[in-house]
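Here is the structure we will look at.
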Amino acid sequence: MADTLIVATCVSAGAWVLTAHAWGPELVAAVLLLSAIAAVQLWFSRAAGRLHGPLAYRMLALHAVLCGVPVIYYRSAWIALPSLVAATAPLVLRRRWSVPLALVVVSGTLGYLWPFPPATPLSLAAFMIQVYGFTRLGLLVVELHRTRRALGTAAVARERLRFAHELESRLAGSLLIIEARARQRPAPVTELLTVARQALAGMRAFARDHRDSGPVFVPPEPMARAVRGADGLVHALLAIWLTTMLIRVHEAHGGPAAVACAVATIGLQAGWISRTTRTTPPPVLALIVQAAVVLVPMALADGWPAGGRGLLAGSCLLVLRGAYGWAGFTVVVAVDGVWRWAQSPPHLGEAVTLFTGTIVIGLATYAMTRNARLVRDLVRMRAELAAAAVAAERVRFARDLHDLLGLGLSAIALKAELARRLPAGAAAGELAEIAEIARNARTEIGLVTAGDRDLSLDDELRVARSTLPTADITADPPPLPPAVQTVLATVLREGVTNVIRHSTVRQCAIHLFEKDGVATLEIVNDGAGTAGPGSGLRNLAERVEAAGGALTAGPHGDGMFRLRVTIPVDDKRPARPATSESTASGPPRPG
């Protein structure tokens, strides 16, 4: 849409040249200059991420030469073109340079071409806002879509800092106490057991609280001012058009009815049809009312300004869908052209200028409104994505806290209970293992808060053999990818934790092997798991499915329970289903 507006603008300027100059070398030169100007302006409209470098500065200088120098020869026929430089400068330069440059360009052009009609400054201001608005908002739509996850990343980082602080204050201290008491001689085993049980209960409550916590806090949106800026551009353009229309009514000696129609047209546009807070197209009734306000006075008086027809054409695109909108746009533009010709057949150049002027107003109305709504929608989408990311991070945190620290704390409680029943000399080995497990658990707190969940399968097998010395453990897998190792290590850890938590377990067997490109882990016991699935199994199933594998858990044989996981480790691993966002063709197209 921005490209169409730029081309239409240059065609309109060429038509003014045609009005002032007959066919000849002057017109050919003007066409060549306007083609170059359109190409440069199109470059700026597509230069997202490249507007603040040496190339952009050189392109702006070239633009200034192409738009400014021909004014010396073509004079008032070229009056609108320097405004392109004034409208483009804020896209490239900082405000302290772009604003003075824009003022110098506009005031210099008007001063050189003095005298000029009263509405000329307003027409140039509207032209500048159109060019700057649809270019800036189009680039902003692309930028917001490209950085749509930036706010979510910041929100997740904030949430992780909160996790880390709370874990340090609620769990790390207990692990330090456990480690210190386990190394103390004689060890206060009863106190150690109490602290271990409290830490285990606190960990589970902490995970549950964060998984089921209340509303998600999203940090302030740094792009919120973009919404205000987009709304401001639309309102400023409509205000300038209203003022211009009132001046035209005054020049045509229009009466109060024409003034009322002008005010009603802009009022309907600003408050109903082009309201940027709308999430659905305006009702057709709004278009019917505006059409009555715009078209009926055309047959009654000459004082009705033409700008209203351009607004009506743009409203057709905003209210009606698809081909119906473009059909309405075409009808309004055609009616405008026929009415102008019936009033007084204009010169060819003037006819083209007026015709393209209506088209430009209609397209600008549609593009500015649509882009302003896209900016608002994308800012809202960023907030929603941030909220979803924080909610997913809370679930991830609760799951990892359960999976990574559950075994360690359960093992500590089990070994502390065992150490309390053993003689002092025989408990030394259990206390040493408690101190080592507590030290490792403090390290894994960082893994939970950082989201770094890479685990060593060999380490988990060693812990399983140490924790369950009587279990039948056979494991001889080939080297596995880190992602597969992490999933299998997590499953092994959760399975061992469940065995430890169920004192009724008397038999346990763990088998890990790889066959035909599929890694398989089986944990079979005679007690753990019979109570039914819990959050642990749900967490594991999610992890395994994400890796392209399958998890089954249930009765197996005579009084046994089996947890079985299979994960492909070769190139035959099935691809994960694409999300709606990953399959999207790209950012929403700016209007």
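The values are calculated or read from the model by the stated rules, or taken from the named source; none is laboratory data. Fair warning: this is a prediction, and the values are worked out from it, not measured in the lab. Cβ: placed from backbone, ideal geometry, glycine included. Neighbour counts: every protein chain shown. Keep in mind that these areas ignore ligands, DNA and RNA; they rest on the heavy atoms of the full protein, side chains included. Shrake-Rupley method; radii C 1.70, N 1.55, O 1.52, S 1.80 Å.
Here is how the numbers come out for the structure above:
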| item | result |
| --- | --- |
| Any helices (runs of 4 or more DSSP H) falling wholly within the range 18-128 and containing at least 2 residues that are surrounded by fewer than 16 Cβ atoms within 10 Å (Cβ to Cβ) | 25-45, 54-68, 71-74, 95-112 |
| Flag if THR353 is assigned to a helix (DSSP H, G or I), closer than 30 Å to LEU287 by Cβ and modelled with pLDDT of 80 or more | no |
| Whichever residue in the range 69-112 is of a type in the set (S, T, N, Q) and touching a helix residue (DSSP H, G or I) at 6+ places or on another chain (Cβ under 9 Å) and, among such residues, is farthest from SER12 (Cα to Cα) | SER98 |
| Residue list for the range 394-445, restricted to those being within 46 Å of the chain's Cα centre (by Cα) and free of Cβ contacts under 8 Å to residues at least 24 places away in the same chain | GLU436, THR443 |
| Residue within the range 178-194 that is touching a Lys or Arg at 6+ places or on another chain (Cβ under 8 Å), modelled with pLDDT under 85 and over 22 Å from LYS415 (Cα atoms) present | no |
| ALA126 being touching a Phe, Trp or Tyr at 6+ places or on another chain (Cβ under 8 Å) and within 30 Å of LEU354 (Cα to Cα) | yes |
| Single residue of ARG204, ARG181, ARG185 found to be touching an Asp or Glu at 6+ places or on another chain (Cβ under 9 Å) and either among the charged types (D, E, K, R) or not in a helix (DSSP H, G or I) (or both) | ARG181 |
| Where a residue in the range 103-132 is in contact (Cβ under 8 Å) with a residue 24 or more places away in the chain and its partner, wherever it lies, is basic (Lys, Arg), with Cβ under 7 Å and at least six apart | LEU113/ARG75; ALA119/ARG248 |
| Subset of the range 278-293 [among the β-branched types (Val, Ile, Thr), under 32 Å from the mean Cα position of the chain (by Cα) and within 19 Å of TRP326 (Cβ to Cβ)] | VAL284 |
| Residue that is nearest to TYR366 (Cα to Cα) [pool: residues in the range 254-290 that are touching a helix residue (DSSP H, G or I) at 6+ places or on another chain (Cβ under 6 Å), open to solvent by 30 Å² or more (accessible area, probe 1.4 Å) and small (Gly, Ala, Ser)] | ALA270 |
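Residues checked against (1) open to solvent by 30 Å² or more (accessible area, probe 1.4 Å); (2) modelled with pLDDT under 80:
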| site | (1), (2) |
| --- | --- |
| ARG136 | yes, no |
| LEU144 | no, yes |
| ARG149 | yes, yes |
| GLY152 | no, yes |
| GLU159 | no, yes |
| GLU166 | yes, yes |
| SER169 | yes, yes |
| LEU176 | yes, no |
